[in-house]
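Visitor: For reference, the structure I am asking about is given below.
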Amino acid sequence: MVKSVNMVMIIGNLGNDPEIKEGKSSKIAKFSVATSEEWMNKESGKKFSRTDWHRIAVFNPQLVDIASKYLKKGSLVYIRGRLRPTSWVDDMGQKRTTVEVEMVDLKMFGSRNDSSEQYDDGNSEYGSSFNAQSSEPSESNNNMPFDKQESDIDIPF
């Protein structure tokens, strides 16, 4: 039997503070993360760059709480999640679809401004890790959280 995989890993900076919304049964956090890449044209020597924006949705109550308290515009984060298509009907009656990353793991590296409000568990020079199973910092903060701990969350839409 062939298994399928739906996993996304992003390291980038928040483009805005998390927006917290009340869902049918719980709170939801949404924010954007920017990733950038640079490359050089070998023939002309000209430098190019591109920034991509990724819409992040957080449904796990513990991760929503952490995002609302500690994530700020400019924060450098590692996010692991899965692609999740979302559809709605706009004001003109047109069906719209987008793809979000449903976050299941978070690692905070701090922020561009190195804000004193950033969460610091004191155990790692690299930041703090959280996943959908626990709101406690992980014991091994020096490694990216690649474990297979994901929760079955009822999506409120």
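Visitor: Which numbered condition in (1) at pLDDT below 95; (2) within 17 Å of residue 70 (Cβ to Cβ) is the only one that residue 18 fails?
Guide: Result: residue 18 passes all but (1).
Visitor: Further question on the same structure: State the number of residues belonging to region 74-98 that are in a strand (DSSP E or B) and in contact (Cβ under 8 Å) with a residue 24 or more places away in the chain.
Guide: Taking region 74-98 as the starting set, the residues that turn out to be in a strand (DSSP E or B) are 75-89, 95-98.
From the residues that got through so far, the ones that are in contact (Cβ under 8 Å) with a residue 24 or more places away in the chain too are 75-84, 86, 98.
Number of matching residues: 12.
Visitor: Any idea which of (1) at pLDDT 95 or above; (2) more than 24 Å from residue 74 (Cα to Cα); (3) among the hydroxyl-bearing types (Ser, Thr, Tyr) is the one residue 32 doesn't satisfy?
Guide: Status for residue 32: all satisfied but (2).
Visitor: Can you tell me which residue is surrounded by the fewest Cβ atoms within 10 Å (Cβ to Cβ) among those in region 53-77 that are touching a Pro at 6+ places or on another chain (Cβ under 9 Å) and either hydrophobic (A, V, I, L, M, F, W, C) or over 9 Å from residue 29 (Cα atoms) (or both)?
Guide: Residues of region 53-77 touching a Pro at 6+ places or on another chain (Cβ under 9 Å): 56, 58-59, 64, 67-68, 71-72.
Remaining after also requiring either hydrophobic (A, V, I, L, M, F, W, C) or over 9 Å from residue 29 (Cα atoms) (or both): 56, 58-59, 64, 67, 71-72.
Numbers: 56: 25, 58: 30, 59: 22, 64: 23, 67: 27, 71: 24, 72: 17.
Taking the candidates together, the pick is 72.
Visitor: If you scan region 30-52, which residues turn out to be among the aromatic types (Phe, Trp, Tyr) and surrounded by 14 or more Cβ atoms within 10 Å (Cβ to Cβ)?
Guide: If we filter region 30-52 for residues that are among the aromatic types (Phe, Trp, Tyr), which is where we start, we get 31, 39, 48.
Selection gives 31 alone.
Visitor: Report those strands (runs of 3 or more DSSP E) wholly inside region 1-68 carrying at least 2 residues which are farther than 16 Å from residue 84 by Cβ and not charged (D, E, K, R). Walk me through how you get there before you give the answer.
Guide: On the way: elements: 8-14, 19-22, 27-40, 47-58.
It comes to 8-14, 27-40, 47-58.
Visitor: Looking at region 73-102, which of the residues that are more than 17 Å from residue 11 (Cβ to Cβ) and among the β-branched types (Val, Ile, Thr) is modelled with the lowest pLDDT?
Guide: 86
Visitor: Let me ask something else about it. Counting only residues that are out of contact with any Phe, Trp or Tyr (no Cβ under 7 Å at 6 or more places or on another chain) and of a type in the set (A, V, I, L, M, F, W, C), which one in region 11-48 is nearest to residue 61 (Cα to Cα)?
Guide: Here the answer is 29.
Visitor: Would you call residue 69 within 16 Å of residue 18 (Cβ to Cβ), modelled with pLDDT under 95 and among the basic types (Lys, Arg)? Steps first, answer last, please.
Guide: Values: within 16 Å of residue 18 (Cβ to Cβ): yes; modelled with pLDDT under 95: yes; among the basic types (Lys, Arg): yes.
Considered against the rule, which asks whether it is within 16 Å of residue 18 (Cβ to Cβ), modelled with pLDDT under 95 and among the basic types (Lys, Arg), residue 69 comes out as yes.
The values are calculated or read from the model by the stated rules, or taken from the named source; none is laboratory data. What you see is a predicted model; the values in this text were computed from it and never measured. Methodologically, a virtual Cβ is constructed for each residue, glycine included, from the backbone with ideal geometry; neighbour enumeration extends over all protein chains shown.
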